[in-house]
Amino acid sequence: MLNGQPVNTLKGIGEKTGKLFEKLGIFTVGDLLSYYPRAYDTYEAPVAVGQLKEQTVMAVEAVLTRAPDLLRLNRMQIVSVSHKDLTGSLQICWYNMPYMRANLKSGEQYVFRGRIVRKRGRLIMEQPQVFTAGSYEAVVNSMQPIYGQTKGLTNKTIVKTQIQAMEARQMEREYMPADLRRKYELSEINYAIEHIHFPADRTELLFARKRLVFDEFFMFLVGVRRLKEQRTDRRSPYIIVRRPEVEAVKDKLSYKLTGAQERALEEVYLDMEKGLVMNRLIQGDVGSGKTIIAILSLLQAAYNGYQGALMAPTEVLARQHFESMTSLFLEQGIEKRPVLITGSMTAKEKRLAYEKIASHEADIIIGTHALIQEKVVYDNLALVITDEQHRFGVGQRELLSGKGQEPHVMVMSATPIPRTLAIILYGDLDISVIDELPAGRQMIRNCVVDTSYRPKAYAFIQKQVEEGHQAYIICLWWRRAR
């Protein structure tokens with residue numbers, strides 16, 4: 001079977017199930033084979049009741065001494081069976097699965113596997129899978145894949161379909177040179193595809209994963225290199241020369257730019273005046289002074305008769321940029337006026353902003369994703385700046401760039417990425433690093449705390465805020481795989 005055939009050509013996949021696979025982005029057999037597990041479930045040998053650990057998934061082997069009970073609690077039906085050995089007792093329960101009572105026979109031997117919890121002092125295994133001793137022996141110590149799912153499509157169905165796809169698949173042609181695979185100890189591609197889905201053990205999984213991860217980074221780097229080569233000679237119709245008005249603005253600032261800021265600004269100016277499209281990343285910590293680089297660059301575009309746009313990932317950040325820019329312009333008597341566009345603005349506010357942009361009454365436009373909507377028509381958009389660049393996909397940045405005719409592009413990021421890694425990740429961009437804080441600005445201190453330390457952390461933050469300082473909290477969330 002060719003990997004390009006629709007997934008519903010596999011046995012048991014009808015139109016309805018095929019639609020569910022499409023929700024996961026799986027349209028063909030090849031898509032299915034490249035839909036890798038998000039985690040793995042290791043089936044360990046059954047243990048005695050006394051070895052069971054709460055809040056884990058474990059297995060016990062039991063011979064039923066009596067038929068299961070069927071209990072009714074409010075609207076819930078509970079099938080319950082007791083198991084006892086020399087080390088303790090365990091209650092095994094299924095909720096709203098009354099048919100389980102008929103499936104379990106007194107005197108038969110089973111292996112039950114489920115999550116262990118403690119309720120009202122009793123150890124309970126909830127919603128366990130049921131195996132015969134022989135069927136569990138076939139999977140014990142194996143790693144069973146767990147896939148991302150959607151409503152109506154169970155992991156069991158995905159696994160069965162993957163097994164079919166493996167049996168019917170067209171083998172991939174190995175494209176990695178043998179000497180490269182030997183150098184980096186990489187598996188053959190078909191081995192990697194098979195064992196990423198169904199590894200016999202962790203060693204096989206890691207061997208397969210290493211090859212697929214290597215391929216992903218390799219293809220990414222090739223793509224970045226090609227993108228940079230395509231952009232190297234792209235000429236820009238917007239030659240933005242240095243204007244004395246902008247130099248006057250810089251001279252009247254209440255502070256002096258650092259050497260790192262001056263260096264980054266000079267690199268931006270050189271890019272914009274040489275006739276080629278600028279693609280530059282401005283990287284620097286929070287508080288290092290990236291915003292003033294953006295403002296002065298936007299003013300250069302404006303005083304050259306062009307428009308410039310600054311896109312921020314959130315309305316809060318967009319408004320912050322708008323307010324600081326408006327304040328600076330009023331303070332220095334600059335006649336240029338920025339325009340703000342966000343999703344929460346009223347229809348009338350948006351219409352007025354659109355009119356100012358289209359008529360070039362607005363030289364500088366600040367906003368969120370609203371900047372790339374179809375209704376926004378620019379007039380001579382020569383400079384596009386995106387703040388916190390990692391929050392935008394390449395497609396979103398290109399949509400904004402597409403609003404002009406080969407505009408210059410600047411992206412700003414406070415993400416602390418080592419320069420070598422930045423060159424790899426943003427290989428299509430030239431990089432300016434602001435590695436010097438403005439005079440009098442202290443280094444921002446980061447602290448990682450667990451939940452037990454929160455009261456002290458909140459008290460510290462409150463004290464700092466009362467003293468006129470600022471603080472920010474980053475909340476991390478993850479799902480722990482079994």
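The values are calculated or read from the model by the stated rules, or taken from the named source; none is laboratory data. In this text, all values refer to a predicted model and were calculated from it rather than measured experimentally. Note: ideal-geometry Cβ built from the backbone for every residue, glycine included; neighbour counts use all protein chains shown.
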When Gln77 is run through (1) at pLDDT below 90; (2) over 40 Å from the mean Cα position of the chain (by Cα); (3) among the polar types (S, T, N, Q), the failure sits at (1)
Which of the following residues is in contact with a helix residue (DSSP H, G or I) (Cβ under 6 Å, 6 or more places away or on another chain), free of Cβ contacts under 8 Å to residues at least 60 places away in the same chain, farther than 30 Å from Asn8 by Cα and of a type outside the set (Phe, Trp, Tyr): Leu180, Leu186?
Leu186
Within segment 237-263, can you find the residues that are more than 25 Å from Asn380 (Cβ to Cβ) and within 36 Å of the chain's Cα centre (by Cα)?
Leu257, Thr258, Gly259, Ala260, Gln261, Glu262, Arg263
Is it the case that Ala312 is more than 24 Å from Leu265 (Cα to Cα), small (Gly, Ala, Ser) and under 30 Å from the mean Cα position of the chain (by Cα)?
no
Condition first: closer than 23 Å to Tyr191 by Cα, among the aliphatic types (A, V, I, L, M) and more than 21 Å from the chain's Cα centre (by Cα). Now tell me which residues in segment 33-56 satisfy that.
Leu33
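Residue-wise test of (1) surrounded by 19 or more Cβ atoms within 10 Å (Cβ to Cβ); (2) touching a Phe, Trp or Tyr at 6+ places or on another chain (Cβ under 6 Å); (3) over 22 Å from Glu247 (Cβ atoms); (4) free of Cβ contacts under 8 Å to residues at least 24 places away in the same chain.
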{"residue": "Val277", "(1), (2), (3), (4)": "yes, no, yes, no"}
{"residue": "Leu281", "(1), (2), (3), (4)": "yes, yes, yes, no"}
{"residue": "Gly289", "(1), (2), (3), (4)": "yes, no, no, no"}
{"residue": "Ile293", "(1), (2), (3), (4)": "yes, no, no, no"}
{"residue": "Leu298", "(1), (2), (3), (4)": "yes, no, no, no"}
{"residue": "Leu310", "(1), (2), (3), (4)": "yes, no, no, no"}
{"residue": "Phe329", "(1), (2), (3), (4)": "no, no, no, yes"}
{"residue": "Lys348", "(1), (2), (3), (4)": "no, no, yes, yes"}
{"residue": "Tyr354", "(1), (2), (3), (4)": "no, no, yes, yes"}
For Ala459, indicate whether it is small (Gly, Ala, Ser), modelled with pLDDT of 70 or more, farther than 30 Å from Arg234 by Cβ and not in a loop (DSSP other than H, G, I, E, B).
yes
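Yes or no, residue by residue, for (1) in contact with a Ser or Thr (Cβ under 9 Å, 6 or more places away or on another chain); (2) of a type outside the set (Lys, Arg); (3) farther than 30 Å from Tyr40 by Cα; (4) at pLDDT below 85:
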{"position": "Gln442", "(1), (2), (3), (4)": "no, yes, yes, yes"}
{"position": "Val448", "(1), (2), (3), (4)": "no, yes, no, yes"}
{"position": "Tyr453", "(1), (2), (3), (4)": "no, yes, yes, yes"}
{"position": "Glu467", "(1), (2), (3), (4)": "no, yes, yes, no"}
{"position": "Cys475", "(1), (2), (3), (4)": "no, yes, no, yes"}
{"position": "Arg480", "(1), (2), (3), (4)": "no, no, no, yes"}
Being surrounded by fewer than 17 Cβ atoms within 10 Å (Cβ to Cβ), in contact (Cβ under 8 Å) with a residue 12 or more places away in the chain and part of a loop (DSSP other than H, G, I, E, B) is the filter here, so list the residues in segment 1-20 that pass it.
Met1, Leu2, Gly4, Gln5, Lys11, Gly12
Is it fair to say Tyr269 is in the same structural domain as Ile295 (by TED's automatic domain parsing) and part of a helix (DSSP H, G or I)?
yes
How many residues are surrounded by fewer than 18 Cβ atoms within 10 Å (Cβ to Cβ) and touching a residue at least 40 places away in the same chain (Cβ under 8 Å) if we restrict to segment 316-327?
1
Pair list, Cβ under 9 Å, 6 or more apart: segment 98-126 residue without any contact (Cβ under 8 Å) to a residue 24 or more places away in the chain, other residue part of a strand (DSSP E or B)
Tyr99/Val79; Lys119/Gln91
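Does at least one position in segment 16-25 carry a residue that is under 30 Å from Ile196 (Cβ atoms) and at pLDDT 95 or above?
The answer is no; no qualifying residue exists.
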Give segment 161-180 a look and list any residue that's over 29 Å from the mean Cα position of the chain (by Cα) and of a type in the set (D, E, K, R), or say none.
Glu167, Arg169, Arg173, Glu174, Asp179
Residues that are of a type outside the set (A, V, I, L, M, F, W, C) and at pLDDT 90 or above, drawn from segment 257-278:
Thr258, Gly259, Gln261, Glu262, Arg263, Glu266, Glu267, Tyr269, Asp271, Glu273
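Residues are listed down the side, and each one gets a yes or a no for (1) under 16 Å from Lys156 (Cα atoms); (2) touching a His at 6+ places or on another chain (Cβ under 8 Å); (3) crowded, with 18+ Cβ neighbours inside 10 Å; (4) among the small types (Gly, Ala, Ser):
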{"position": "Glu22", "(1), (2), (3), (4)": "no, no, no, no"}
{"position": "Phe27", "(1), (2), (3), (4)": "no, no, no, no"}
{"position": "Asp41", "(1), (2), (3), (4)": "yes, no, no, no"}
{"position": "Thr56", "(1), (2), (3), (4)": "no, no, no, no"}
{"position": "Val60", "(1), (2), (3), (4)": "no, yes, yes, no"}
{"position": "Leu71", "(1), (2), (3), (4)": "no, no, no, no"}
Does Phe131 fit the bill of being in the same structural domain as Ile78 (by TED's automatic domain parsing) and not polar (S, T, N, Q)?
yes
